[in-house]
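Below is one structure, written out as structure tokens, with a few remarks after it.
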């Protein structure tokens, strides 16, 4: 099993590129099921989760491939024959986002059979809101042998008020609604940039969606869509992770392709911590301070502070001059990286959904284990600051969300390498 080995102490400087957003690419790949024809997706990150989603489509009968050579950031999906509308357990168990095929399959093919999803063990992430939306639109839902089965000859428009804000739920129901008969209104919808991006893509395909990016989305159904040709937006979480890497090492790094509007809550907290942030033509530059200031954080749905950046900011606060309080309001099991940070000398105490982080003068390199995707990134960040050698194992989590992170960090001066296991 691969490991990431970090020798801490280097100050990062230079430019680091941000890849396409995984959380935008996955629903857009699923959306290709909504239209017959040849779909082209550009700026697609080379990640395990993307490979899984392409395999899900292939199993269902589509041709879905990543190009090679200098076009390896491009994926092509061809829907030109029968589609078997089933996503099997063997694939879905590894990635929760596979459930995003549910809405497109029911909308276009009238039925779907999708295994209950898996993914990171960061807390309960049920799909009840997905099913609520589909039921409201006329789908007959049954749960048998670990599978969700949905059937409806043609969905009809409805008003869906989500009980809780759900990104994938909003995306799934929105994709289903584009081919429904009549108007669908999604209330208490997720406002994340990736949701807005999906709506933009669907509109390019011929859908009629308004309000994406707000908490009320209106979709007027159409009879058919056309294939897409689209470039994926940059990954805001990867961008935020590299900004923290600059901050925690006292470095000066231009994070290329980062979109300031997608990172407002993160940028606010980095400024509070003492970082100097400037927007340049190619992205966002972060200059880390000599002494980091403590910052309190409460995770929330967009436009609040993203849960996917909580672990990274916790590491930053672990070496700040003072005490920070971090409240995790999205997932109940998202402090699993804390015991590993303890091994490196961090002073963090947990009470329910709250972590109290007392900054220490130094972290020490250690052997640590990744427990989920964002936790794995936080341990790499800790290793950048730590004295000595840090070995991060179980980095298959890291490969689900970060494209060649060790190569990118080396490009700005980090002493980091992958050891094949």
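The values are calculated or read from the model by the stated rules, or taken from the named source; none is laboratory data. Keep in mind the model is a prediction, meaning the values are calculated, not measured. Cβ atoms come from the backbone with ideal geometry, glycine included; neighbour counts cover every protein chain shown.
If the condition is being touching a strand residue (DSSP E or B) at 6+ places or on another chain (Cβ under 8 Å) and closer than 17 Å to residue 390 by Cα, then segment 353-377 contributes 362, 363, 364, 365, 366, 367, 368, 369, 370, 376.
Residues 134, 186, 143: which one is assigned to a strand (DSSP E or B) and surrounded by 23 or more Cβ atoms within 10 Å (Cβ to Cβ)? Only one candidate qualifies: 186. Please verify whether residue 382 is outside any strand (DSSP E or B), farther than 25 Å from residue 94 by Cα, within 25 Å of the chain's Cα centre (by Cα) and in the same structural domain as residue 291 (by TED's automatic domain parsing), treating the condition exactly as stated. For residue 382, the condition - outside any strand (DSSP E or B), farther than 25 Å from residue 94 by Cα, within 25 Å of the chain's Cα centre (by Cα) and in the same structural domain as residue 291 (by TED's automatic domain parsing) - is met.
I'd like to know if segment 397-412 contains one or more residues that are under 21 Å from residue 343 (Cα atoms) and either over 25 Å from the mean Cα position of the chain (by Cα) or in contact (Cβ under 8 Å) with a residue 24 or more places away in the chain (or both). For segment 397-412, residues under 21 Å from residue 343 (Cα atoms) and either over 25 Å from the mean Cα position of the chain (by Cα) or in contact (Cβ under 8 Å) with a residue 24 or more places away in the chain (or both): present. When 171, 210, 149 are checked against the criterion of being closer than 21 Å to residue 29 by Cβ and outside the structural domain of residue 303 (by TED's automatic domain parsing), 171 stands alone in meeting it. Is it the case that some residue within segment 384-406 is modelled with pLDDT of 95 or more, surrounded by fewer than 24 Cβ atoms within 10 Å (Cβ to Cβ) and under 23 Å from residue 50 (Cβ atoms)? Scanning segment 384-406 turns up at least one residue that is modelled with pLDDT of 95 or more, surrounded by fewer than 24 Cβ atoms within 10 Å (Cβ to Cβ) and under 23 Å from residue 50 (Cβ atoms).
Quick grid of which residues meet (1) farther than 17 Å from residue 26 by Cα; (2) in contact with a helix residue (DSSP H, G or I) (Cβ under 9 Å, 6 or more places away or on another chain); (3) at pLDDT below 95:
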residue	(1), (2), (3)
65	no, yes, no
69	yes, no, yes
72	no, no, yes
75	no, yes, no
81	yes, no, yes
87	no, yes, yes
95	no, yes, yes
98	no, yes, yes
105	no, yes, no
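Which residue, of 334, 290, is crowded, with 23+ Cβ neighbours inside 10 Å and assigned to a loop (DSSP other than H, G, I, E, B)? So the residue among 334, 290 that is crowded, with 23+ Cβ neighbours inside 10 Å and assigned to a loop (DSSP other than H, G, I, E, B) is 334. For segment 189-223, which residues satisfy the criterion of being assigned to a loop (DSSP other than H, G, I, E, B) and over 18 Å from residue 132 (Cβ atoms)? Hits for segment 189-223 are 191, 192, 205, 206, 207, 211, 213, 221, 222, 223. Taking (1) over 26 Å from residue 17 (Cα atoms); (2) surrounded by 18 or more Cβ atoms within 10 Å (Cβ to Cβ); (3) touching a residue at least 60 places away in the same chain (Cβ under 8 Å) in turn, residue 212 satisfies each apart from (3). Total residues in segment 58-90 satisfying the condition of being closer than 23 Å to residue 150 by Cβ, without any contact (Cβ under 8 Å) to a residue 40 or more places away in the chain and assigned to a helix (DSSP H, G or I): the figure is 3. When residue 172 is tested against (1) surrounded by fewer than 24 Cβ atoms within 10 Å (Cβ to Cβ); (2) under 18 Å from residue 33 (Cβ atoms), just one condition goes unmet, and that condition is (1).
Each row is one residue, and each column tells you yes or no for (1) buried (at least 18 other Cβ atoms within 10 Å of the Cβ); (2) at pLDDT 95 or above; (3) touching a helix residue (DSSP H, G or I) at 6+ places or on another chain (Cβ under 7 Å); (4) under 19 Å from residue 345 (Cα atoms).
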position	(1), (2), (3), (4)
266	yes, yes, yes, no
279	no, yes, yes, no
282	no, no, no, no
298	no, yes, no, no
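In summary, residue 239 fulfils each of the numbered conditions (1) out of contact with any strand residue (DSSP E or B) (no Cβ under 6 Å at 6 or more places or on another chain); (2) more than 30 Å from residue 36 (Cα to Cα); (3) not in a loop (DSSP other than H, G, I, E, B) with the single exception of condition (1). In the set (1) in the same structural domain as residue 384 (by TED's automatic domain parsing); (2) exposed (fewer than 15 other Cβ atoms within 10 Å of the Cβ); (3) assigned to a loop (DSSP other than H, G, I, E, B), residue 261 fails one condition alone, (3). Each residue in segment 349-379 was checked for being assigned to a loop (DSSP other than H, G, I, E, B), at pLDDT below 95 and crowded, with 22+ Cβ neighbours inside 10 Å, and 3 pass.
What residue, among those in segment 308-324 that are free of Cβ contacts under 8 Å to residues at least 60 places away in the same chain and in contact with a helix residue (DSSP H, G or I) (Cβ under 9 Å, 6 or more places away or on another chain), is farthest from residue 213 (Cα to Cα)?
Start the filter on segment 308-324 by keeping residues that are free of Cβ contacts under 8 Å to residues at least 60 places away in the same chain, which leaves 317, 320-324.
Adding the requirement that they be in contact with a helix residue (DSSP H, G or I) (Cβ under 9 Å, 6 or more places away or on another chain) leaves 323-324.
Details: 323: 35, 324: 31 Å.
Filtering segment 308-324 for residues that are free of Cβ contacts under 8 Å to residues at least 60 places away in the same chain and in contact with a helix residue (DSSP H, G or I) (Cβ under 9 Å, 6 or more places away or on another chain), the one farthest from residue 213 (Cα to Cα) comes out as 323.
Check whether at least one residue in segment 341-348 is part of a strand (DSSP E or B), assigned by TED's automatic domain parsing to the domain that holds residue 239 and modelled with pLDDT of 95 or more, and report yes or no. Yes, segment 341-348 has at least one match.
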